[in-house]
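So the structure is just underneath, and the comments pick up after that.
Computed from the coordinates by the stated procedures, all read-outs in this text should not be read as laboratory data. Keep in mind it's a predicted model, so treat the numbers as computed, not measured. Ideal geometry is used to build each Cβ from the backbone, glycine not excepted, and the neighbour counts take in all protein chains shown.
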Amino acid sequence: MVKFIGIKVHYDHRPLMPYLKYSKPASDAEYKEYLKLHKKGVGGEGFHECMNFMLRDDERVKLYLPPTALPVSDGKLEDEFVIFWFTYKADEELSAHIIGVHGGVRFERADREGVIRNDIKHLAAQSKWFFHATAEECLTTLILPPVPFRLKDRRHTPALEKWGNGLRYLEKRHAENIVSDALEGARQKLAQRPSRSEYEVTKREIDVLDRLVERYSLSAVAKASGTNKASKGHVFPLPDKELGELGERVVFERELSYAKSIGVGLDSVEWTSKSAPASPFDIKTVRKTKNGLKEHFIEVKSSRANGLGDSVYISSGQVEFFEDAGESGNFTFVRFDSDLKVKAIDELSLAEVREKFILTPIKYRLVAKMS
């Protein structure tokens, strides 16, 4: 049985790009700043929820839930849950909005005790980070722009004078309305020709919302958003995610070695796609030039193919990003053999990609030019 629930959460007030909110653990200073907000009556003690949208390909997303929001009293934790996250009405930065959704949620244990996280660094002077449930990565997204709500409208929640403590159970019609409004907002954002990174993030959000429509038979949304099987018939096969991560790891470790060789701190190399999967590049690094150190961006393309560029896809957002980046960015093609050993690594600028390949639209499939 599927249950739809709403949970209130403190807005991630940190100065991050909107699509990076709730994805990075809080520093000691950020944690202390959060506790100051708690004194004003907004939120609870602890900033655990800032990691609820830390996405990693092919890994379930770890969720922290406030103690009063755990549905343990029902005794039906074997059910599947869909969680919508609402900000507090008293939140000074983003009052009364729906900021994200997790689908395919399963609880890890049948009590209020959480599971200690081993995938992040814990704060030195505070409690350790932990989680209570996990969600499917492909059913998890922030809602950008967030959807405003009013308790008395009954559109996104049952009729409530006050939310009170803890979670609120929602009906299917509320889920349909939330997803429908989120889809409308995302499509309007695409129509406004957003920046390259916002474009990629918004496209992923729409994909996730469409999956929620199909998974939970949100029929009203399907009708409103135009989702149907016929419209989804023309889809290119997706790359192997496991292979993609392996290629990124190879290049990331290569960049760490390079940074060390030129006497630069290893923190100058960032595996960006780990915390922001929709980023138009995978790795941010540095290059030593005659004019000093400069930022450099790398998009990794991994394949088991023999030929350079075979089975490789480049998004329009990536093309736009690397056009702007110029010499400060490149595509790195990592080819593996059948035993997943590296056969070759080739670095090409966008200009060199265009010299060697025809970019076929939709996802720009690379097709070798005739010699």
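Once you list every other residue whose beta carbon is under 13 Å from the beta carbon of Leu94, what net charge do they have if Lys and Arg are +1 and Asp and Glu are -1?
Details: positive: Lys8, Arg14, Lys21, Lys89; negative: Asp12, Asp91, Glu92, Glu93.
That works out to 0.
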- Query: Tilt of helix 196-215 relative to the longest C-alpha principal axis of the chain, in degrees (0 to 90, nearest 10)?
  - Reply: 50 degrees
- Descending semi-axes in whole angstrom, ellipsoid equivalent of the stretch 241-368, from the Cα gyration tensor: 23, 18, 13
- Item | Distance (nanometres) between label positions extended 7 Å along Cα→Cβ at Ala368 and Ser275 | 4.0 nm
- Quick one, can you get me the convex hull of the C-alpha atoms of the chain expressed as volume per residue in Å³? 171 Å³
- Query: Using the alpha-carbon atoms, what tilt in degrees (0 to 90, nearest 10) does helix 316-325 show relative to the longest principal axis of the chain?
  - Reply: 60 degrees
- Query: Any idea what angle helix 241-261 forms with the longest principal axis of the chain, computed on alpha-carbon atoms, 0 to 90 degrees, nearest 10?
  - Reply: 70 degrees
- Message: Run the simple label-point estimate for Tyr258 and Glu214 please: 7 Å along Cα→C-beta, distance reported in nm.
- Response: 3.7 nm
- Message: Per 0.36 nm of contour for each residue apart, how much would the distance between Lys152 and Glu327 grow if the chain were fully extended, relative to their Cα-Cα spacing?
- Response: 57.6 nm
